[in-house]
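Reviewing the structure listed below.
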Amino acid sequence: MSSTSSATAPSRRALPGSPGAWWGLLGVTAFSFTVVLTKVAVGGLSPLFIGSGRAVVAAALAATALRLTRQPRPQTRRQWARLGVVAAGVVLGFPLLTSYALTTTPASHGAVVIAVLPAATALAVVVRTRERPGAAFWCSAVAGATAAVVFAALGGDGPPRLHVADLLLLAAVVAAAVGYAEGGLLTRELGAWQTVSWALVLAAPVVVVLTAVAAVRHPPQATAEEWAAFGYLSVISMYLGFFAWYRGLAIGPMARVSQVQLAQPVLTLGWAALFLGEPLTWPTLAGGAVVILCAATAVRSRSPGRTAR
């Protein structure tokens, strides 16, 4: 890795085969295992240990990578502040909130709520930048979010029902959306792997303390399978997956690339059926095809708006 290996210039147009969309899809594929493996890990590890401990492992990897490649530190207070936003959203907020939520709700139900993340990310991008997707994009995004929720509900625990954990999951969606938008923008200045690495290092003191507290209160008593799930969450979900995801967002346009996330509930419910034995039906498969179509339409949409650098 070099200081510029992940730095990218934003694209002005979303092409059907744009590198941004493909990088985004790679990141989404990595993230699609997160809910399922978090559900596995909470069988023997406390939610606080999972949510913070995975960040400790990732922060150690990040610090090593930054040191070995002699990366320059972010130069301005504004960059550090923005890294703080990324850390609060994707290093602390999303992992902790989803870990607690999945102690009381199935992985498939978690996918129902998290299915609105692409639309939330697009809104965060519009608020944060000068990107102004056109009506075709928003129609596809809304249709995709609706289809994703219906799809996940059909493939999960029946019609959507209000759970206490839903508030935690919705808060996780907001945290992730803000962290994704800010991280995508910061990647254009620092590089993709550098951005997530510095965010992890910045959050390290907090997550180390939280992990120590969690280990003392509830000593880990996990099986090999549960530790393996925790390892994936630490190395892939918390670190390497962001290399591809932030690179894709930086290539952009960010709002449209964010809609690649519509594939995530499709993949997540597939993994839930495969690894957890949760139900998967033919209507679910048909719904998945609709979700993918909406995602493709949103990514391919044109817009007269400008893309912020």
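Can GLY277 be described as crowded, with 24+ Cβ neighbours inside 10 Å and not polar (S, T, N, Q)? Here the answer is no, as GLY277 does not meet what is asked. One residue stands out among those in the range 194-208 that are in contact (Cβ under 8 Å) with a residue 24 or more places away in the chain and surrounded by fewer than 24 Cβ atoms within 10 Å (Cβ to Cβ): the one that is farthest from ALA88 (Cα to Cα), which is VAL208. Taken together, the residues in the range 185-239 that are over 24 Å from SER46 (Cα atoms), within 20 Å of the chain's Cα centre (by Cα) and in a helix (DSSP H, G or I) amount to 12. Taking the stated definitions as given, is ALA55 surrounded by 19 or more Cβ atoms within 10 Å (Cβ to Cβ), closer than 22 Å to TRP198 by Cα, at pLDDT 85 or above and out of contact with any Pro (no Cβ under 9 Å at 6 or more places or on another chain)? No; evaluated as a whole, the condition is false for this residue.
Residue-level check: of (1) surrounded by fewer than 20 Cβ atoms within 10 Å (Cβ to Cβ); (2) under 23 Å from VAL174 (Cα atoms), THR69 misses just (2). Could you look through the range 99-126, keep only residues that are closer than 15 Å to ALA175 by Cβ, of a type in the set (Val, Ile, Thr) and at pLDDT below 80, and pick out the one that is surrounded by the fewest Cβ atoms within 10 Å (Cβ to Cβ)? Going through the qualifying residues, I end up with VAL116. Against the conditions (1) over 14 Å from the mean Cα position of the chain (by Cα); (2) crowded, with 17+ Cβ neighbours inside 10 Å; (3) at pLDDT 90 or above; (4) not charged (D, E, K, R), ALA60 satisfies every one except (2). Count, please, the residues in the range 60-92 that happen to be outside any helix (DSSP H, G or I) and either within 16 Å of SER197 (Cβ to Cβ) or of a type in the set (D, E, K, R) (or both). Number of matching residues: 7. Contact map, the range 167-193: residues that are more than 15 Å from GLN261 (Cβ to Cβ) paired with residues that are surrounded by fewer than 24 Cβ atoms within 10 Å (Cβ to Cβ) and of a type in the set (Ser, Thr, Tyr), Cβ distance under 6 Å, separation 6+ or inter-chain. Pairs shown: LEU168/TYR100; GLY191/SER6; ALA192/SER6; TRP193/SER6.
The values are calculated or read from the model by the stated rules, or taken from the named source; none is laboratory data. Quick caveat, the model's predicted, so the values are computed rather than measured. For neighbour counting, all protein chains shown are included, and Cβ atoms are generated from backbone atoms with ideal geometry for every residue, glycine included.
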